[in-house]
2 protein chains.
Amino acid sequence: MSAQILDGRKVRDLLTRGLVEKFANLSAKTMAIIQVGDRAESTSYIKGKKAFAEKIGVATQHIQLPEDATLEMVLEKIENCNGDPTIRGIIVQLPLPLALDRDIIINAIDPEKDVDALTSERVKGWTEGREDALWPATVRGIKTLLEFYKIDLFGKKVVIIGRSMLVGKPLAAMCISENATVTVCHSKTADLARETLDADIVISAAGKQNLIGKEQVSPGQIVIDVGINTVEGEKLDDEIADRKLVGDVDFEEVSKIVAMITPVPGGVGPMTVLGLFQNLLDLCES
Amino acid sequence: MSAQILDGRKVRDLLTRGLVEKFANLSAKTMAIIQVGDRAESTSYIKGKKAFAEKIGVATQHIQLPEDATLEMVLEKIENCNGDPTIRGIIVQLPLPLALDRDIIINAIDPEKDVDALTSERVKGWTEGREDALWPATVRGIKTLLEFYKIDLFGKKVVIIGRSMLVGKPLAAMCISENATVTVCHSKTADLARETLDADIVISAAGKQNLIGKEQVSPGQIVIDVGINTVEGEKLDDEIADRKLVGDVDFEEVSKIVAMITPVPGGVGPMTVLGLFQNLLDLCES
């Protein structure tokens, strides 16, 4: 292995101190997390968020609704949170049960408390790439990680694999706003290796194990692995208990070739939790 | 010259007939155009829209406000249009005077009448690439032009130059939603030719004369020129009177090399006006 590890756990821990200090000066800083149903993965993610919140002195309010909750029940909870001045961030844990209209629910969140940046107003903000854009937590986390390692995106060629509203699309918008030249690839891309080999930075958010192997990378590149693929196994990560996490990248092979790489677990995952609370801080301070 | 011309005027004229028939069956179909100040270019664009509207049997209402109009004055006009059931599309002609807050004004438009697809809700719709997304007029026009010539974007490599909210960003979103692999370039791209030479389709929306010359293209490519660069001269286009229009592409040289190309004028310009009224029709029928 020759690549430098971009160590998300280390960066998260280093930057946690600053967050603790800043939150200590704030009184209203509660994060509300609305969960509909009890999907094990969602519960696990929420547990991770609550644990981190506690560590940095942020109160959380976990609002649980049954799987068969009506739209009105969810909207009422959101309205309560919107109206509560102690609550500064609202998360509706995704995915929602299929019977519920996701768009209506998300857009009911006050954009000033939309810590996931998924309301129409926030989406417009990050699509535009405004100075004051709030980026979805994963994107915020990656941005922070790159900044920490002094990796400047200006003029760089970034290849992103994935086009979701949570990661791929806002990630492309963020990189474009930082003056990178950005290629968005996905499952219909004709020749993925042709695209990735040409990049300065490869960011994979496809959710497909071993998508990026030694054929897809070249020396000097930076590889960011956003893939979260769970396979049964021992507990290896803070974010999801009782599962073994692997990314999209064949770490062992790729790390022999490229210049820098994020591991999974311990890369983008911890940075995402950090990014979420960086967002909350921004909302508290705005 | 060997390239096939993608003839925007011809396609516009051919598709106009269908629009005329469909609008004939509708009673409420007025397009309101709100203009603040009297910029010559804006007046000229509006003239083009009004002329086309008349041709297809759509009424327009041109609402003119002085250059020093207050935010309240503009919002009042928008509210009136929102509340008027005969008005189905509202355009706020851009650019607005700098003293006015563009975001507040645009977002005051009822999304159901937002024919330019610039409100937060519409931006979210096209960023997401939803089936029912309304695309900004230029993007809609390009989409229609490609469909007319049976150019399928699926799996193609599209290189877009430009990242504006009116063209570059929604164009990238549209191409991604059609399963193209998309690269977004701009003024900070390190090596533009390296990107464009690699594409199946090059779409330039940079607004820079001669940006795309023979060094930037290769045989077999399709080149779409969205550039609208005006130079003093004779009247050559319907959209802007008394100016000579040139695109971003060195048409004479590039058309010798590539497979298909749009001219300027006569390419994307006429398709944009068509796209605007295709949008209006969708809003009337929804």
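The values are calculated or read from the model by the stated rules, or taken from the named source; none is laboratory data. Predicted, not measured: the structure shown is a model, and the values here were computed from it. Every residue, glycine as well, gets a Cβ built from its backbone with ideal geometry; the counts of neighbours run over all protein chains shown.
Points to keep in mind about this one:
- Subset of the stretch B:118-136 that is under 23 Å from A:Ala108 (Cα atoms) and more than 11 Å from chain A (Cβ to nearest Cβ) - its residue that is nearest to the chain's Cα centre (by Cα): B:Leu134
- Flag for B:Leu65 being surrounded by 13 or more Cβ atoms within 10 Å (Cβ to Cβ), closer than 30 Å to B:Ile257 by Cβ and touching a residue at least 12 places away in the same chain (Cβ under 8 Å): no
- Residues (surrounded by 24 or more Cβ atoms within 10 Å (Cβ to Cβ) and among the small types (Gly, Ala, Ser)) located in the stretch B:166-196: B:Gly168, B:Ala172, B:Ala173, B:Ala180
- Pair list, Cβ < 7 Å and 6+ apart or interchain, from the stretch B:193-207 residues that are on the phi > 0 side of the Ramachandran plot to residues that are crowded, with 24+ Cβ neighbours inside 10 Å and in a strand (DSSP E or B): none
- Taking the criterion of being of a type outside the set (Asp, Glu) and surrounded by fewer than 19 Cβ atoms within 10 Å (Cβ to Cβ), the residues of the stretch B:145-165 that qualify are B:Phe148, B:Tyr149, B:Lys150, B:Ile151, B:Phe154, B:Gly155, B:Ser164, B:Met165.
- Scanning the stretch B:99-119 for residues that are among the aliphatic types (A, V, I, L, M) and on the phi < 0 side of the Ramachandran plot yields B:Ala99, B:Leu100, B:Ile104, B:Ile105, B:Ile106, B:Ala108, B:Ile109, B:Val115, B:Leu118.
- Looking across A:Ala190, A:Ala173, A:Ala199, one residue alone is modelled with pLDDT of 95 or more and part of a helix (DSSP H, G or I). It is A:Ala173.
- Scanning the stretch B:167-225 for residues that are among the polar types (S, T, N, Q) and either in contact with a strand residue (DSSP E or B) (Cβ under 7 Å, 6 or more places away or on another chain) or within 12 Å of another protein chain (Cβ to nearest Cβ) (or both) yields B:Ser177, B:Asn179, B:Thr181, B:Thr183, B:Ser187, B:Thr189, B:Thr196, B:Ser204, B:Gln209, B:Gln221.
- The residues of the stretch B:140-163 that are at the interface with chain A (Cβ under 10 Å from one of its Cβ atoms), assigned to a loop (DSSP other than H, G, I, E, B) and under 19 Å from the mean Cα position of the chain (by Cα), listed by number, are B:Leu153, B:Arg163.
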